[in-house]
Amino acid sequence: MNTSANPFSLYDDRAYREWRARKLAEPPQPPVVEIADPANPSATDLATLARHCEHHNFALFRFCEPPADPQPALRQLGLHFGLNDLDANLCAEDSGLTEITVKDTGTDNRYIPYTDRPIGWHTDGYYNPMHQQIHGMLLYCHRPAMEGGVNGLLDHEIAYIRLRDQNPEWIRALMAPDAFTIPPNIEGGMEIRPATVGPVFTVSPDGRHLHMRYSARSRNVEWKDDTATREAAAALLELFASDDPFILERRLAAGEGVISNNILHRRSGFTDSPDPARKRVYFRARYHDRVRYIHDTQ
Ligand SMILES: [Fe+2]
């Protein structure tokens, strides 16, 4: 195969067809990788997780014996995949991971992740400046909700395929540098975060990987006002509402997690246990790096 072939170029349909065929030949979702010792995953487990990330942009894992404090094991797991450059986050713990649980008081309760409300389809950090985009993400269920709290997962490269197959002009529109704008965050007359203007899809400099910047929110996001962009945004919503076999709906059990190249994801609403000690607790880490297997850490 021509090494300069770029499957994400609209001018290289042959490379796209070959890449697409390989991608769709995979089973829609990777199986869960069981990790016997969270503090010391085996080389085989790590290689399997890496392969799943290569094919699906995500991998599912399960700590067979979930640790009381999973944060050191999660941080270490990320390091095995070159996930080191954590995105600064006001809500992060010392480990750099963010505990996601319902918070009744304080500054966090304005943000939907810290409530029991549903979160629509998005990629993480879509509001970040373009030079600080999130390419890797780790999500871990320490304790599930009493009821609900189902995660939806969809490899963003599958979303790319579904749109390009319908109309390549939609891809062109979503790659435009002004396709998708997040207005500035202004509180009390102060600009806390400037506006972020950028594409939805970007291709890595080597042409091998796709990055997606997206939120299905209709408030606080501005799509470029032209026909192709509007149609593309609507087509994404149609895809999410479809029964596409590549959309995974999964309620993670305690000890289960996802390592990903910041794929599309969502969360349904949930009901917590009345016992505060049994509230839903997730841990999340966001990285500027994408997943790559570091062989020599073994
Ligand atoms: Fe998220």
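Of the residues 87, 94, the single one that is closer than 29 Å to residue 47 by Cβ and either of a type in the set (D, E, K, R) or modelled with pLDDT of 95 or more (or both) is 87.
Consider residue 251 carefully, then state whether it is surrounded by 14 or more Cβ atoms within 10 Å (Cβ to Cβ), more than 14 Å from the chain's Cα centre (by Cα) and at pLDDT 95 or above. Give the derivation first.
Details: surrounded by 14 or more Cβ atoms within 10 Å (Cβ to Cβ): yes; more than 14 Å from the chain's Cα centre (by Cα): yes; at pLDDT 95 or above: yes.
Yes, satisfied.
Considering (1) crowded, with 19+ Cβ neighbours inside 10 Å; (2) within 16 Å of the ligand (Cβ to nearest atom); (3) not acidic (Asp, Glu), the lone condition that residue 216 does not fulfil carries the number (1). Here the condition is being modelled with pLDDT of 90 or more and within 11 Å of the ligand (Cβ to nearest atom); of 123, 101, it holds for 123 alone.
Residue pairs whose Cβ atoms lie under 6 Å apart, sitting 6 or more positions apart in sequence or on different chains, and linking a residue in the range 131-156 that is surrounded by fewer than 20 Cβ atoms within 10 Å (Cβ to Cβ) to a partner that is of a type in the set (Phe, Trp, Tyr), are 148/270. Every condition in (1) aliphatic (A, V, I, L, M); (2) surrounded by fewer than 20 Cβ atoms within 10 Å (Cβ to Cβ); (3) within 18 Å of residue 215 (Cα to Cα) holds for residue 277 except the one numbered (3). Once the range 20-70 is narrowed to residues that are of a type in the set (Gly, Ala, Ser) and farther than 20 Å from residue 211 by Cβ, the residue that is surrounded by the fewest Cβ atoms within 10 Å (Cβ to Cβ) is 68.
Please pick out the residue among 118, 168, 199, 177 that is within 15 Å of the ligand (Cβ to nearest atom) and of a type outside the set (Asp, Glu).
That would be 118, the only listed residue that is within 15 Å of the ligand (Cβ to nearest atom) and of a type outside the set (Asp, Glu).
With respect to being at negative phi, modelled with pLDDT of 95 or more and not charged (D, E, K, R), residue 5 falls outside the description. Taking the stated definitions as given, is residue 226 over 27 Å from residue 132 (Cβ atoms), touching a residue at least 12 places away in the same chain (Cβ under 8 Å), surrounded by fewer than 14 Cβ atoms within 10 Å (Cβ to Cβ) and more than 16 Å from the ligand (Cβ to nearest atom)? Yes: the conditions hold for residue 226.
The values are calculated or read from the model by the stated rules, or taken from the named source; none is laboratory data. This one's a predicted model, so the numbers in the text were calculated from it and none came from an experiment. Note that we place each Cβ from the backbone using ideal geometry, even for glycine, and neighbour counts take in every protein chain shown.
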